[in-house]
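See structure below.
The values are calculated or read from the model by the stated rules, or taken from the named source; none is laboratory data. Every value quoted in this text rests on a predicted model; they were computed, and no experiment measured them. Here the Cβ positions follow ideal geometry from the backbone for every residue, glycine too, while neighbour counts run over all protein chains shown.
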Amino acid sequence: MSEHRATIRWQQASGSEFLKGRYSREHTWSFDGGVTVPASSSPAAVRPPFSNPANVDPEEAFVAAISSCHMLTFVWLAYRAGLDVVAYEDEAVGQMTPNEHKVPWVSAVTLNPKITWGTTGPPDAATLERLHHEAHEQCFIAQSVKTAITVAGVGAIHQDGRGESR
């Protein structure tokens, strides 16, 4: 099996009133390929100036990871099926709701893929639905979470609390 690593760095800024909760939540995520991403808590959780809305927050990254994994798996499956995909764009949306302990969590993610097909043209609706279901079943991230995942226009792909498809 493989390992995947990220380095998260935060440091208290000079002049912050840390013990009063008045400190910046800005930090960085660094990855082994050399990319460093500016990150912060969501402004929905911590108001600016203690968060930075321009930075990626963990909830956005979670939604992006689900969408990216689904897209990569879908495009690979389309290639294997002999379907010509020219472009794939998704405006994925995550919804947060309180759990049984009243702690917010990303309980649902809706994928909204817009696929541009090349020379083969689009597949029929049944094939498209099958490809999305297979992409979900084979996506490492989707299989790692209990969040309900839906592909708009194709149908719901849900998971139970153990991360297994139902």
Based on what the data block shows, is ALA64 in the same structural domain as ALA142 (by TED's automatic domain parsing), touching a Leu at 6+ places or on another chain (Cβ under 7 Å) and either within 30 Å of TRP117 (Cβ to Cβ) or of a type in the set (Ser, Thr, Tyr) (or both)? no
In the stretch 37-85, which residues are of a type in the set (S, T, N, Q) and over 30 Å from GLN138 (Cβ atoms)? SER40, SER41, SER51, ASN52, ASN55
Does SER40 count as surrounded by 15 or more Cβ atoms within 10 Å (Cβ to Cβ), at pLDDT 95 or above and within 21 Å of ASP57 (Cβ to Cβ)? yes
Qualifying residue in the stretch 58-65 (condition: surrounded by 13 or more Cβ atoms within 10 Å (Cβ to Cβ) and of a type in the set (D, E, K, R)): yes
Which residue pairs have Cβ atoms closer than 9 Å, lie 6 or more positions apart in sequence or on different chains, and pair a first residue in the stretch 74-95 that is touching a residue at least 60 places away in the same chain (Cβ under 8 Å) with a second residue that is of a type in the set (Val, Ile, Thr)? PHE74/VAL85; PHE74/ILE115
Taking the criterion of being among the β-branched types (Val, Ile, Thr) and closer than 30 Å to GLY21 by Cα, would at least one residue in the stretch 63-73 satisfy it? yes
If you go through the stretch 1-28, how many residues are surrounded by 10 or more Cβ atoms within 10 Å (Cβ to Cβ), of a type in the set (Lys, Arg) and within 30 Å of ILE141 (Cα to Cα)? 2
Please go through the stretch 115-158 and pick out each residue that is within 19 Å of TYR79 (Cα to Cα), in contact (Cβ under 8 Å) with a residue 40 or more places away in the chain and part of a helix (DSSP H, G or I). THR127, LEU131, HIS132, GLU134, ALA135, HIS136, GLN138
If you go through VAL106, VAL75, the only one that is among the aliphatic types (A, V, I, L, M) and closer than 26 Å to ARG130 by Cβ is VAL75
Within the stretch 3-23, track down each residue that is among the aromatic types (Phe, Trp, Tyr) and closer than 18 Å to VAL56 by Cβ. TRP10
